[in-house]
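K.L.:
This structure is in structure tokens; I'll ask about it shortly.
Only the coordinates and a few stated rules stand behind these numbers; no lab work does. As the structure is a prediction and not an experimental result, all values here were calculated from the model. Glycine also receives a Cβ, built like all others from the backbone with ideal geometry; neighbour counts cover every protein chain displayed.
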Ligand code: SR1
Ligand code: MG
């Protein structure tokens, strides 16, 4: 679709026609709230009601040539509904979906804040790790072969093939940061030699990333969100709501956990280096939230494994340990690939954009890359929160 005005008119007409709460056209407002790279997100409201409307165009946002399958909209709708049920309301409630127009209308989360905004404002939410761990366990473990009927699981895997969006992640997360075939990577002059030697020409690192990429492409373990950074989470003092699952598909659950870990590591390192490596309350909170997310996820897993595992063959203590360790290895590896791609790849994040004009930014950039590499190359160490604590101690020293 060409212009934003055209999109707005179409969305407004759709909402007014289909939702009783907006019958009186004159009093309805629409304004854009999304800043994502792919779709268009608006808030539609009147003096009594408010909803969020998401539109997925046939073209990637801002482009008139780069096509993107609109199947992503159907997948997003299906996943939001399923996750809402599985997580007991930790995603927005969906009110309407138009298959013809690729529009999803959902609950407006008044009173919630996007986690990225909360981090920007240095606001502390002590419930973050516990709620995040619940969301991760409920949506990820409960969609595995261990917890689902095998026929239903395989049908779900098939229905969630999200080719176009997976292609973006496979390229931007696992290939471009290491090969730079599109020439879109960017980093400071001070780190040019480092990136050349330690990333582009580091065959050991690239082998480990190839293994992670292959696993991302083939391990249909759980229904994953696929882009779980701080911009995909709403939070208030009680709970979180996770949204924007347009990159979702059946993949390794460590990818989602690793994205949460990476998002917190990036915010922590950016903030710590801005304070000349002096850890204040806010950095302590970020560090604590990361370690506790791992701890609480393990707790959820250990407490609920036998209740949620259906197949007798898997109701076995040694298998339970093996399966958890493999989730934790994957999580560390994917945290590493996410940190590296957000640092030097084409799709950076706000925390990095915010500090990259600082005089000593190259030190932050270097630390992010080192931490990313450590997580990838030594992922087998990260089987408890203690390994993360030890890494934090090294970052601070
Ligand atoms: C073209 S999309 C670039 C990135 O933005 C999204 O949030 C995903 O992380 C994707 O990799
Ligand atoms: Mg998004």
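K.L.:
Let a ≥ b ≥ c be the square roots of the eigenvalues of the Cα gyration tensor of the range 218-326; is it rounded (a/c under 1.5), or, if not, prolate (a/b larger than b/c) or oblate?
P.N.:
Working: a/c = 2.25, a/b = 1.72, b/c = 1.31.
It comes out prolate by the Cα gyration axes.
K.L.:
I want to check the label-to-label distance for residue 170 and residue 277. Put each point 7 Å from Cα in the C-beta direction and report it in nm to one decimal.
P.N.:
With each label placed 7 Å out from Cα toward Cβ, I get 4.1 nm.
K.L.:
Would you look at the GNM of the chain, springs on alpha carbons closer than 10 Å, and say which of 292, 370, 167 moves the most?
P.N.:
Among 292, 370, 167, the largest GNM mean-square fluctuation belongs to 167.
K.L.:
Can you pull the one-decimal nm distance between simple spin-label points at residue 32 and residue 101, each 7 Å off the Cα toward Cβ?
P.N.:
Inter-label distance under the simple model: 1.8 nm.
K.L.:
Sticking with this one: Taking the highest mean first, how do the peptides 348-359, 24-35 order by number of other beta carbon atoms within 10 angstrom per residue?
P.N.:
Numbers: 348-359: 15.2, 24-35: 12.1.
Highest to lowest by the protection proxy: 348-359, 24-35.
K.L.:
Work out how much length residue 378 to residue 50 would gain on full extension: take 0.36 nm times their residue separation and subtract the Cα-Cα distance, in nm to one decimal.
P.N.:
Numbers: separation 328, 0.36 × 328 = 118.08 nm, distance 4.70 nm.
Computed gain between residue 378 and residue 50 is 113.4 nm.
K.L.:
Okay, next question. By how many nm would the segment from residue 158 to residue 93 lengthen if fully extended, with 0.36 nm per residue of separation less the alpha-carbon distance? Could you put the intermediate results ahead of the total?
P.N.:
Details: separation 65, 0.36 × 65 = 23.40 nm, distance 2.41 nm.
The residue 158-residue 93 span can extend by a further 21.0 nm.
K.L.:
Here's something else I'd like to know. Which of 72, 43, 122 comes first, and how do the rest follow, when ranked by fewest Cβ neighbours within 10 Å? Walk me through the numbers before you get to the answer.
P.N.:
Numbers: 72 22, 43 16, 122 13.
The fewest-first ordering by Cβ neighbours comes to 122, 43, 72.
K.L.:
For a quick check: sort 265, 319, 243 by the number of other beta carbons within 10 angstrom, fewest at the front.
P.N.:
On the way: 265 28, 319 14, 243 24.
Neighbour counts put them in this order, fewest first: 319, 243, 265.
K.L.:
Among 234, 249, 187, which one shows the biggest mean-square fluctuation in a GNM of the chain, springs joining Cα atoms closer than 10 Å?
P.N.:
Greatest mean-square fluctuation among the candidates belongs to 187.
K.L.:
Let me ask something additional. If a/c stays under 1.5 just call it rounded; otherwise compare a/b with b/c (prolate if a/b is bigger, oblate if not). Do that for the range 106-178, with a ≥ b ≥ c from the square roots of the Cα gyration tensor eigenvalues. It would help to have the intermediate numbers written out before the result.
P.N.:
Working: a/c = 2.18, a/b = 1.34, b/c = 1.62.
It comes out oblate by the Cα gyration axes.
K.L.:
Stretched out fully, how many nm does the piece from residue 200 to residue 303 gain, at 0.36 nm a residue minus the Cα gap? Numbers along the way, then the final one.
P.N.:
Numbers: separation 103, 0.36 × 103 = 37.08 nm, distance 4.25 nm.
32.8 nm is the gain from fully extending residue 200 to residue 303.
K.L.:
Using a Gaussian network model of the chain with C-alpha springs under 10 Å, which one of 233, 261, 38 is most mobile by mean-square fluctuation?
P.N.:
Top of the fluctuation ranking is 38.
K.L.:
What number, in percent, do you get for the relative contact order of the chain if the mean sequence gap of Cα pairs under 8 Å and at least 6 apart is divided by its residue count? Write down the numbers at each step before the final one.
P.N.:
Values: 607 pairs, mean separation 65.9, N = 397.
Once divided by the residue count of the chain, the mean separation gives 17 percent.
K.L.:
Continuing with the same structure: Once you keep just the Cα pairs under 8 angstrom separated by 6 or more residues, what percentage relative contact order results for the range 92-201?
P.N.:
Details: 34 pairs, mean separation 10.9, N = 110.
Answer for the range 92-201 is 10 percent.
K.L.:
Further, regarding this structure: Describe numerically, in nm with one decimal, the distance between label points set 7 Å from Cα along Cα→Cβ at residue 314 and at residue 189.
P.N.:
Once both label points are built, they end up 5.4 nm from each other.
K.L.:
Quote the relative contact order of the range 25-150 in percent (integer), defining contacts as alpha-carbon pairs under 8 Å separated by 6+ residues. The partial results should precede the final answer.
P.N.:
Details: 156 pairs, mean separation 21.4, N = 126.
Here the relative contact order equals 17 percent.
K.L.:
What is the calculated FRET efficiency for residue 6 to residue 394, with r their C-beta to C-beta distance and R₀ = 41 Å, to the nearest 0.05?
P.N.:
Numbers: r = 53 Å, r/R0 = 1.29.
Calculated transfer efficiency: 0.20.
K.L.:
Given axes a ≥ b ≥ c from the Cα gyration tensor, I'd like to know whether the range 103-235 is rounded (a/c under 1.5), prolate (a/b larger than b/c) or oblate. Before the final figure, lay out the partial values.
P.N.:
On the way: a/c = 2.11, a/b = 1.24, b/c = 1.70.
Oblate is the answer for the range 103-235, as a/c is 1.5 or above yet b/c matches or exceeds a/b.
K.L.:
Hey, with R₀ at 30 Å, roughly what FRET efficiency would residue 43 and residue 238 work out to, going by the Cβ-Cβ distance, to 0.05? Intermediate values should be presented prior to the final figure.
P.N.:
Details: r = 22 Å, r/R0 = 0.73.
Computed FRET efficiency for residue 43 and residue 238: 0.85.
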